[in-house]
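One structure is given here, and the rest of the page talks about it.
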């Protein structure tokens, strides 16, 4: 693992973005050393908010315990933090690997570097099309389509859609994707996930919109991936 202080010595002034793996203790102090770009994700968090959460929740979650196999990545460019990504790497497709990524323009680079460290499970809401596309472009294997959130701290999740009303909205073609005049329905008339067609649609189209009868309804539905 690259030592944080060694990296500072090597970095100097550079316009090259580098993804650096840090120890837990170097990670929680990164915002004291570098300035993060101004950016908030969809949940309203800044990069340094996430770093502070890791620091504050250490005793509860066990981030500093090596047995939990957490890895901490930081994207740096010209002494600025462009993004951070922490993740457990258990590689068990039946258990969600805890983690969080936030970045401004370097999400794919962070995902790729984490992938080099080992396999892991992750998920994206179906409304987060950019994230789904990135996962698929990296060769992520789709595990399931579900409305299940991972349990804490076990990481267990249900691989089926439990909310029948939510499922019926997709069957009835009221919750779907759209590109210009083309519509893509995620489930067929029998409620089966059209996985192959889904992958082709996401990878082969840009400007995809999610059409939903109620705002943020689609955020309840998730695609789980195994990244190898």
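The values are calculated or read from the model by the stated rules, or taken from the named source; none is laboratory data. All values derive from a computational prediction rather than experimental measurement. Positions of Cβ are generated from backbone atoms using ideal geometry, with glycine treated the same way; all protein chains shown enter the neighbour counts.
Quick notes on this one:
- Here residue 201 does not qualify as in contact (Cβ under 8 Å) with a residue 40 or more places away in the chain, in contact with a strand residue (DSSP E or B) (Cβ under 8 Å, 6 or more places away or on another chain), under 30 Å from residue 112 (Cα atoms) and not in a loop (DSSP other than H, G, I, E, B).
Listed here are the residues, each with its yes/no results for (1) at pLDDT 95 or above; (2) surrounded by fewer than 17 Cβ atoms within 10 Å (Cβ to Cβ).
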{"residue": "73", "(1), (2)": "yes, no"}
{"residue": "76", "(1), (2)": "yes, no"}
{"residue": "80", "(1), (2)": "yes, yes"}
{"residue": "83", "(1), (2)": "yes, no"}
{"residue": "86", "(1), (2)": "yes, no"}
{"residue": "91", "(1), (2)": "no, yes"}
{"residue": "96", "(1), (2)": "yes, no"}
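- Among (1) exposed (fewer than 13 other Cβ atoms within 10 Å of the Cβ); (2) at pLDDT 95 or above; (3) within 23 Å of the chain's Cα centre (by Cα), the one test that residue 197 misses: (1)
- Summed over region 69-113, the residues that are in a helix (DSSP H, G or I), under 11 Å from the mean Cα position of the chain (by Cα) and in contact (Cβ under 8 Å) with a residue 60 or more places away in the chain give a count of 2.
- Test for residue 180: is it free of Cβ contacts under 8 Å to residues at least 24 places away in the same chain and out of contact with any strand residue (DSSP E or B) (no Cβ under 7 Å at 6 or more places or on another chain): no
Rundown of residues vs (1) in a loop (DSSP other than H, G, I, E, B); (2) exposed (fewer than 11 other Cβ atoms within 10 Å of the Cβ); (3) assigned by TED's automatic domain parsing to the domain that holds residue 109; (4) at pLDDT 95 or above, yes/no style:
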residue: 9; (1), (2), (3), (4): no, yes, yes, no
residue: 14; (1), (2), (3), (4): yes, no, yes, no
residue: 20; (1), (2), (3), (4): no, no, yes, yes
residue: 26; (1), (2), (3), (4): no, no, yes, yes
residue: 32; (1), (2), (3), (4): no, yes, yes, yes
residue: 40; (1), (2), (3), (4): yes, no, yes, yes
residue: 45; (1), (2), (3), (4): yes, no, yes, yes
residue: 52; (1), (2), (3), (4): no, no, yes, yes
residue: 60; (1), (2), (3), (4): no, yes, yes, no
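- Selection from region 188-228 of residues that are touching a helix residue (DSSP H, G or I) at 6+ places or on another chain (Cβ under 8 Å) and more than 24 Å from residue 162 (Cα to Cα): 202, 203, 208, 227, 228
- Residue in region 120-136 that is in contact with a helix residue (DSSP H, G or I) (Cβ under 9 Å, 6 or more places away or on another chain), surrounded by fewer than 17 Cβ atoms within 10 Å (Cβ to Cβ) and assigned to a helix (DSSP H, G or I) present: yes
- Residues in region 200-228 that are closer than 25 Å to residue 110 by Cα and loosely packed, with under 12 Cβ neighbours inside 10 Å were compared, and the one that is nearest to the chain's Cα centre (by Cα) is 203.
- Residue 114 vs. criteria surrounded by 18 or more Cβ atoms within 10 Å (Cβ to Cβ) and more than 23 Å from residue 191 (Cβ to Cβ): yes
- Residues in region 152-174 that are assigned to a loop (DSSP other than H, G, I, E, B) and either within 11 Å of residue 186 (Cα to Cα) or without any contact (Cβ under 8 Å) to a residue 60 or more places away in the chain (or both): 152, 154, 158, 160, 162, 163, 172, 173, 174.
- Sole exception among (1) surrounded by 17 or more Cβ atoms within 10 Å (Cβ to Cβ); (2) farther than 18 Å from residue 201 by Cβ; (3) without any contact (Cβ under 8 Å) to a residue 24 or more places away in the chain for residue 185, by number: (2)
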